[in-house]
Amino acid sequence: MDVIVCVKQVPEVIDADLKISREGTGIEKEDLVMHINDWDNYAVEEAVCIKETQGGTVTAITIGDDESEDVLRRALAMGADKAIRIDPGERELDGFVISKILAKVIKDLEYHLVLTGVQADDDNSGMVGIMLAETLGLSHAAVVTGVEPEGDLARIRVELEGGMDEVSRIQLPSLLTIQTGINEPRYVSIMGIRKAGKKELTVIPVANLGLSEDDLTPRTRIEEVFLPPETTGAEMIEGDAASVAAELIKIIKEKGVSI
Amino acid sequence: MGEIYVVAEHRKGEVREITFEMLFKARELCRTFSHRLTALLLAGKDAGFADDLAKRADRVLVFENDRLETFNSDLHKEILNRVIQKDQPFMTWIAHTSWGMDLAPALSVKTGLPLATDCVDIQAEDGRPIVIRQIYSGKLFSRVSFKESPGYLMTVRSGAFLPPDDAEMEPGEVLKQDIPADLAEPRKTFVEFVDTGAGEIDITQADLLVSIGRGIGEEENIATIRELADRMGATLSCSRPVVDKNWLPKFHQVGTSGKSVRPKVYLALGISGAFQHVAGITGAGTVIAVNKDRKAPIFRVADYGVADDLFKVANALKEKLAGA
């Protein structure tokens, strides 16, 4: 079973202090550590697991500048066979444009499954995968937490809200957006990444794809980025650990819990 | 601005809360601009949801068919595409749920209408919509505009708009619609729902929850917090990253994909406070958060906060309780 997996490099933001850029429509990225989008890491692992049990190949694709090849080398080290980087140049991209670019490259490849992450931890849009599916005319499912190929079909599990999953059967070829926790992504060593350097990595400039101006025009635009509105927030308890603990026990008891 | 169409979401015989939240916000906008509000219901035969929706919209367009008893993105997309092409509503709103995320981007490509997802606010300015979205894990907000278009699609975040209890009004019309005869067979077929929340403990019944997040760092560290929870007579719960790493089973998880809890006290240790987690603790009496990052979003919703290492605080709590 041949699997294509789409990956994106994003800044690591959970522990970072974000600064709004001078234009006010993005963030300053210079001091941020770049890494593979968390959801995409699970998607790569899932693609490699499918290859290991079913045979076939895994192709990893990203859109980005040469620095974003790091995420492709990582995917190759995890077990992908080849990689493609599409260079967007200076073009402004939104989820719609990204899906059109990916579709143009993927339509000429051999595959049974296309995997993406549910969303990327920069714009948190969650639209590229399913837009790509519709453009390619593929069946699709979002927020997938289980994939078991069964011939021309796959039995899939989708995570719904409130502790409920939905199991269904989907016709292949299909596109699935992969949720975190579906598997345990393998560890990647520096040595592994170095060894994967021998694998095939193709670079395609967007200009070579012959996409129409309409397909390359973003449908949405960020007018302004701003900090979350102020709230009154928590009453902070300061002091050494022992006095903080005493205060917390007092609060918990006051709220009617006996401890 | 023009008319707003809201796509109802229902599951296992119940209209989901997000549907009423969308109708509430859409009605507010429709009133301001004097436009009609339409609810779209795709459901199985005799689902009986239409009257409930009619109390919150000017009219309900009902598409009933056995094949629509459970959500199917192929069928929803085909039917909604035809409705949108024919009626050309100004905005069409869909829930930002797993099902909405499977439907809206496909519908956007099919109809050619632009889409903004996971909106926490929707406004109209100079005849065009403007939406507010969270980006970078909720650390920042963005104000987003659209390329000019005959119509616009949005998915709406659960909990962004909270209707008051008296959100019902004079019932609107219920209009049964024909299912297109030439609908293609869907490529995905429903098998079953699986309850993933059941397990040996029920976190929804606890008075005191001691809850751990990404800040726990390593699997080995869970034992020390479990010990604290036992000493306090508390139940251990957690946020998503702990379950994703397989460190605790899913029935411990608090949040949108886990459980909503309502303890008297919720003690959050090393939880950053992503909205998916916070949505699960709105029913908690008192929230106490311990996190070494003073800027962690959890402190925006907590009643009490401690900006310190969670293990230091946990050990001090254990010592105090042992001495008491």
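The values are calculated or read from the model by the stated rules, or taken from the named source; none is laboratory data. These numbers were taken from a predicted model, which means no experiment stands behind them. Ideal geometry is used to build each Cβ from the backbone, glycine not excepted, and the neighbour counts take in all protein chains shown.
The table for this structure:
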item	result
Residues of region A:8-57 classified as assigned to a loop (DSSP other than H, G, I, E, B) and β-branched (Val, Ile, Thr), total	5
Pick from region B:274-295, criterion over 11 Å from B:Ser211 (Cβ atoms) and in contact (Cβ under 8 Å) with a residue 60 or more places away in the chain, ranking: surrounded by the most Cβ atoms within 10 Å (Cβ to Cβ)	B:Asn291
Total residues in region A:96-132, condition over 15 Å from A:Leu175 (Cα atoms), in contact (Cβ under 8 Å) with a residue 60 or more places away in the chain and within 13 Å of chain B (Cβ to nearest Cβ)	5
Verdict on A:Pro185 being in a strand (DSSP E or B) and in contact (Cβ under 8 Å) with a residue 12 or more places away in the chain	no
Test result for B:Pro150, buried (at least 17 other Cβ atoms within 10 Å of the Cβ) and at pLDDT 95 or above	no
Flag if B:Ala181 is more than 26 Å from the chain's Cα centre (by Cα) and either over 30 Å from A:Asn124 (Cβ atoms) or without any contact (Cβ under 8 Å) to a residue 60 or more places away in the chain (or both)	yes
Residue within region B:258-270 that is touching a helix residue (DSSP H, G or I) at 6+ places or on another chain (Cβ under 7 Å), closer than 23 Å to A:Leu227 by Cα and more than 8 Å from chain A (Cβ to nearest Cβ) present	yes
Residues that are within 19 Å of A:Pro229 (Cβ to Cβ) and either of a type in the set (Gly, Ala, Ser) or assigned to a helix (DSSP H, G or I) (or both), drawn from region B:290-321	B:Ala296, B:Ile298, B:Phe299, B:Arg300, B:Val301, B:Ala302, B:Gly305
Conditions (1) more than 7 Å from every other protein chain (Cβ to nearest Cβ); (2) closer than 30 Å to A:Gly256 by Cα: number failed by B:Leu208	(1)
Looking only at region B:188-205, and only at residues there that are facing another protein chain (nearest Cβ under 7 Å) and buried (at least 20 other Cβ atoms within 10 Å of the Cβ), the one that is farthest from B:Lys77 (Cα to Cα)	B:Thr196
Residue list for region B:185-216, restricted to those being assigned to a loop (DSSP other than H, G, I, E, B) and either among the hydrophobic types (A, V, I, L, M, F, W, C) or touching a helix residue (DSSP H, G or I) at 6+ places or on another chain (Cβ under 9 Å) (or both)	B:Glu185, B:Pro186, B:Arg187, B:Thr196, B:Gly197, B:Ala198, B:Gly199, B:Glu200, B:Ile201, B:Asp202, B:Ala206, B:Gly213
Residues located in region A:34-54, provided they are closer than 18 Å to A:Asn124 by Cα and not aromatic (Phe, Trp, Tyr)	A:Met34, A:His35, A:Ile36, A:Asn37, A:Asp38, A:Asp40, A:Asn41, A:Ala43
Tabulated pairs, region B:85-106, first touching a residue at least 24 places away in the same chain (Cβ under 8 Å), second in a helix (DSSP H, G or I) and among the charged types (D, E, K, R), C-beta under 7 angstrom, 6+ apart or interchain	B:Leu103/B:Lys77; B:Ala106/A:Glu134; B:Ala106/B:Lys77
Leading residue by the ranking (surrounded by the fewest Cβ atoms within 10 Å (Cβ to Cβ)) among those in region A:46-65 that are in contact with a Gly (Cβ under 9 Å, 6 or more places away or on another chain) and of a type in the set (A, V, I, L, M, F, W, C)	A:Cys49
Complete set of residues in region A:133-152 that are facing chain B (nearest Cβ under 9 Å) and farther than 24 Å from B:Arg240 by Cβ	A:Ala133, A:Glu134, A:Thr135, A:Leu138, A:Ser139
Any hit, region B:300-312, residues being within 31 Å of the chain's Cα centre (by Cα), more than 8 Å from chain A (Cβ to nearest Cβ) and surrounded by 20 or more Cβ atoms within 10 Å (Cβ to Cβ)	yes
Failed criterion for B:Glu148 (all others in (1) outside any helix (DSSP H, G or I); (2) under 26 Å from the mean Cα position of the chain (by Cα) hold)	(2)
Unmet requirement for B:Arg214, which otherwise passes all of (1) closer than 20 Å to A:Gly181 by Cβ; (2) within 11 Å of another protein chain (Cβ to nearest Cβ); (3) in contact with a strand residue (DSSP E or B) (Cβ under 8 Å, 6 or more places away or on another chain); (4) of a type outside the set (Asp, Glu)	(3)
Residue list for region B:215-241, filter: buried (at least 19 other Cβ atoms within 10 Å of the Cβ) and in contact with a Gly (Cβ under 8 Å, 6 or more places away or on another chain)	B:Gly215, B:Ile216, B:Cys238, B:Ser239, B:Arg240, B:Pro241
Residue that is farthest from B:Leu208 (Cα to Cα), among those in region B:242-253 that are more than 8 Å from chain A (Cβ to nearest Cβ) and surrounded by 21 or more Cβ atoms within 10 Å (Cβ to Cβ)	B:Val242
